[in-house]
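So the structure is just underneath, and the comments pick up after that.
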Amino acid sequence: MKKITPRFEFLFNNLKKIAYTFIDPTHFGDVNQKMADFCSCKRSELKGQSISYILDKKEVEDVRKFNEKIFEDGIRTTANMQIEINNAFRVIEVDTIPHHNQQGKVDYLLCLAEDITDELEKEKRFYRAKKRYRSIFKKAPLAFVVSDRDTNIIDWNDKAAEIFGWQKEEVINENFNLIVANDSYSEITEVIENVFEGKESYNINRNIAKDGSELYCEWNTALIKDRDDKILEIISIAQDISDKIKIQKRIENQQEELRYSELRTQFFANISHELKTPLNLIFSSLQLLDYKLQNTLADDKVHFDKYLSSIKNNGFRLLRLVNNLIDITKIDVNTFQLHRGNFDIIELVKSVVDSTSDYLEAKNRNFRFESELDSKIIACDPFNIERVILNLISNAVKFTAQGDEILLRIQKVDEQIKISVRDTGIGIKKENQDIIFEQFRQVDQSFNKKREGSGIGLSLVKSIVEMHGGKISLDSIYGMYSKFSVCLPAGTIDQKTVEAESYSADSLINKVELEFSDINNI
Ligand code: ADP
């Protein structure tokens, strides 16, 4: 039995590793305390002992073969071995170092071994956990997007592919902005900056799927750091909340609808006052007329004319109001119908202008009419187009002062006829320029009380113009001017459509007096 030289004895016994020697393929030489502990034996028990003392038959065979080879070729070899010690399977990593004698022959083997069973178990557990997280990542009901510090995508799970329509291979190395709506880029930059600063990472974003469709997602973003706090990746987790947002929008619409219906109710409450005022004036005028007729001479005609004109005016005012009310109600329930034919629009507008000239003169407004065209036949409902023009002129009179200018122009712009009414009156503030076309809207309630009106004129005008396939627009600077432009398509319609839409207008009504009835009461 070869003995380890005393020089190495100390080293051998104090090694952290299990150490032992083989004097031939199946017999131990010396063993250190670590080895004795590992085998739950005494060192003396194992010294010179056959390996069958601690190993079973199969293990003995394996070790014998392994050692024989090293005795033979003299090459240092590291291998893992599984052995059963004290009824437990252990895995040891054995580094077998052959010792060569002076003749160059291997005379014994030094084995340095390490029990790696626990380490292997840890690795296995880590691997299992990794697998588990990987499958959670892959199959999670939330979209996971992993990106680098520059927000370039490096990983993407199945749900992300489902929500955004891009397969993982298509998005790797693409920037996160690929799935963000153009106008939300800055929001994303802000979120990322916040996350880097350790702030709140929650946000709702408008995203874009591969097919261009829009969706709303709720995002939570976090940084993945290494042990030294170095940022490795950004992980963003998203939930598609488009349906939730849709429901929210529906609720908002319902609330808007409710608000609108409240406005409508309020309007009808107010309108009763509007309806009563002219009626009261009509009746008081009638009473006075009655009184005068009884008590004065028939040649006191001046008085009668005054009262009669008041009755007429207020009657028209009331009628206009009622007509407009009926029409907007019809428009609301889609029963308002145009009666179009092919008419000369220039002639039509001119005749409206002519019929208003006396009023405009009496009101001292500086009125001008200009037309680029002498005549142009287009498809229109003359009765309603007259109403539109009269309404715009009467508004122009209503919101100007004596000496102000009103210019009515007709131009041909592309395939459209543009009729504009521009006045140098009070103008309309920018914030009110859209709402004046809404039903029941008057801009400045207190101011408008000086001027008669119900706030339905322009909404009706807009509906009539749009039913003609046209558009109305407003250009105004508050305190300087207002310009309403109506653009109508310049085409005509066939005879069949004309017949289907035709009707006979009520010619007994004086439309100018009707549309100007508010102004006459100022
Ligand atoms: P109303 O019957 O009360 O006149 P409209 O729908 O015709 O209602 O007009 C709505 C509001 O638009 C008016 O109350 C007024 O404030 C504003 N408006 C309309 N035309 C003009 C104009 N030419 N100049 C200034 N304001 C105008």
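Ordering 156, 166 by accessible surface, largest first, gives 166, 156; the 1.4 Å probe counts only protein heavy atoms, with every chain in place. Taking a point 7 Å from the Cα of residue 79 along the Cα-to-Cβ direction, the residues of segment 42-70 with backbone N closer than 17 Å to it are 51-52, 55-70. Between segment 313-364 and segment 125-182, the alpha-carbon centres lie 64 Å apart. Extension gain for residue 57 to residue 200 (0.36 nm times residue separation, less C-alpha to C-alpha distance): 45.0 nm.
Taking 93, 347, 252 and ordering them by how much accessible surface each has at a 1.4 Å probe, largest first, produces 347, 252, 93.
Extents of segment 40-89, largest first, come to 32, 24, 18 Å (Cα atoms, principal axes, whole angstrom). Here segment 68-166 is treated with +1 on each Lys and Arg Cβ and -1 on each Asp and Glu Cβ, and its dipole about the Cα centre works out to around 700 debye. The angle separating the long axis of helix 457-467 from the principal Cα axis of greatest extent in the chain is about 70 degrees. Across segment 21-132, Cα pairs under 8 Å and at least six residues apart give a relative contact order of 22 percent. With all protein chains in place and ligands, DNA and RNA left out, the 1.4 Å accessible area ranks 35, 467, 480 as 480, 467, 35, largest first.
For the chain, the fraction of 1.4 Å probe accessible surface lying on carbon and sulfur atoms is 51 percent.
Taking amide H positions as modeled 1.01 Å from N, with prolines and chain starts lacking one, the residues under 5 Å from residue 367 and 5 or more places away or on another chain are 406. For segment 359-391, applying the loop criterion from DSSP together with a ceiling of 15 other beta carbons within 10 Å to the GluC sites (Glu not before Pro) yields 372. Note on the chain: Kirkwood hydrodynamic radius from all Cα pairs is 33.2 Å, rounded to one decimal. Beta bridges assigned by DSSP with both partners in the chain are antiparallel in approximately 95 percent of cases. The angle separating the long axis of helix 382-398 from the principal Cα axis of greatest extent in the chain is about 90 degrees. When the helices of the chain are scored as -39500 (n - 2.57) per DSSP H run of n ≥ 4 and the total is divided over every residue, the value at 222 nm lands at -14500 deg cm²/dmol. Rolling a 1.4 Å probe over the protein heavy atoms leaves residue 466 with an accessible area of roughly 90 Å². Amide hydrogen proximity for residue 336: with H placed 1.01 Å from N in the peptide plane, the residues at 5 or more positions away or on another chain lying under 5 Å are 331. What the phi angles of segment 208-219 give under the Karplus curve with 6.51, -1.76 and 1.60, with θ = phi - 60°, is a coupling list of 10, 8, 4, 7, x, 6, 9, 8, 9, 10, 9, 10 Hz, glycine and proline written as x. Helix 345-362 and the longest principal axis of the Cα set of the chain meet at an angle near 60°. Rolling a 1.4 Å probe across all protein chains gives residue 482 an accessible area of roughly 10 Å².
Kirkwood's formula applied to the C-alpha pairs of segment 155-310 gives a hydrodynamic radius of 22.0 angstrom.
At full extension, residue 335 and residue 480 could sit 48.3 nm farther apart than now, given 0.36 nm per residue minus the alpha carbon distance. Working from Cα pairs under 8 Å separated by at least six residues, relative contact order for the chain is 8 percent.
Can you bin segment 317-369 into rounded, prolate or oblate? Criterion: square roots of the alpha carbon gyration tensor eigenvalues sorted a ≥ b ≥ c, rounded for a/c under 1.5, prolate for a/b above b/c, oblate for the rest. Oblate shape, in that a/c is at least 1.5 and b/c is the bigger or equal ratio. For residue 57, the lysines whose Cα falls under 18 Å of its own Cα, not counting residues fewer than eight places away in the same chain, are 65. Legend: Rg and Dmax of segment 84-206, from Cα coordinates, 26.4, 84 Å. Computed on segment 11-51, with alpha-carbon pairs under 8 angstrom and 6+ residues apart, the relative contact order is 36 percent. Spin-label model, residue 175/residue 383: points 7 Å from Cα along the beta carbon direction are separated by 6.1 nm. Between the listed residues 307, 342, 28, the Cα displaced farthest toward the positive end of the dipole of the chain, a dipole computed from Cβ unit charges relative to the Cα centre, is found at 28.
Between the listed residues 204, 319, 103, the Cα displaced farthest toward the positive end of the dipole of the chain, a dipole computed from Cβ unit charges relative to the Cα centre, is found at 103.
The values are calculated or read from the model by the stated rules, or taken from the named source; none is laboratory data. Treat the numbers as computed from the prediction; the structure is a model and nothing was measured. Don't worry about glycine lacking a Cβ; one is built from the backbone with ideal geometry, like all the others, and counts go over all protein chains shown. Please note that ligands, DNA and RNA were not included when accessible areas were found on the heavy atoms of the full protein model with its side chains. Shrake-Rupley method; radii C 1.70, N 1.55, O 1.52, S 1.80 Å.
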